[in-house]
Amino acid sequence: MANQTNTTVNLADDLPLNAEDERKIDVVKHSGLLLIACAIGLIANWVGTGTSPLVALPGMAVLYIACIIGLGFARFVPFYLPSVAWVSLIAILITIPGVPGAAWVSEQVEHLNFLALATPALAYGGLALTASEFAIARRSGWKIVIVAICVMIGTYMGSVVVADLFLRLGQ
């Protein structure tokens, strides 16, 4: 019988994972980074839809303020809720019909195209893969590729079924 050793890989020891605790983020630093993202978003919106950045600026300002308030809540509220949840909650609250200013907020944000704003963010996310993430993918092996393909096909097929259902109900 061959001598077998049971080895386990502890990714925390091998890879530097710099996860940032949202309760300790520097809101001022992140507000500057958000300004840069907003500028890029205005340019992408201009290129993608032809809407002038001056026309879209009030809507972008509303999104920026909602993000800053959400980051502030994630930082200072005594219980933990991810910043993306805070930002989403604030955005939902300020656009609920009947809330003072909701009609104006919706009118301003209407000048922004979601796909134009999401494209630069997704491109950055794709380019921002680090060496540690590639190392994790290499250690995962070929089985993760099969799982990923199955998940993508299943998601696509599920989307097709839901879209078809709603298109048939709408006729």
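Things worth noting here:
- Working note: Karplus 6.51/-1.76/1.60 with θ = phi - 60° gives region 25-36 the couplings 6, 8, 4, 5, 4, 5, 5, x, 5, 5, 4, 5 Hz, where Gly and Pro are set to x.
- Lys, Arg +1 and Asp, Glu -1 on Cβ, resulting dipole of the chain about Cα centre, debye, nearest 20: 200
- A cut-off of 5 Å between modelled amide H atoms, ignoring neighbours fewer than 5 places along the same chain, links I25 with no other residue.
- Solvent-accessible area of F79 with every protein chain in place, 1.4 Å probe, in Å² to the nearest 10: 120
- Heavy atoms of the protein chains alone define the surface here; on that basis the chain has 75 Å² accessible area per residue at 1.4 Å probe size.
- From phi via Karplus (6.51, -1.76, 1.60), per-residue ³J(HN,Hα) for region 92-104 in Hz, x at Gly/Pro: 5, 4, 7, 10, 5, x, x, 6, x, x, 5, 5, 5
- 3J(HN,Hα) along region 78-91, derived from phi through the Karplus expression 6.51 cos²θ - 1.76 cosθ + 1.60 where θ = phi - 60°, amounts to x, 10, 8, 8, x, 4, 5, 5, 4, 4, 4, 4, 5, 4 Hz, with x in place of Gly and Pro.
- Reducing region 40-68 and region 104-127 to their Cα centroids gives an inter-centroid distance of 8 Å.
- Calculated Cα extents along the principal axes in Å (choose from (1) 54, 54, 33; (2) 76, 49, 34; (3) 41, 37, 33), label: (2)
- In the chain, helices alone account for a calculated mean residue ellipticity at 222 nm of -23000 deg cm²/dmol, with every DSSP H run of four or more residues adding -39,500 (n - 2.57).
The values are calculated or read from the model by the stated rules, or taken from the named source; none is laboratory data. Quick caveat: nothing in here was measured; it's all calculated off a predicted structure. Using ideal geometry, Cβ is built from the backbone for each residue, glycine included, and neighbour counts are taken over all protein chains shown. These area figures cover heavy atoms from the full protein model, side chains too; ligands, DNA and RNA do not enter into them. Shrake-Rupley method; radii C 1.70, N 1.55, O 1.52, S 1.80 Å.
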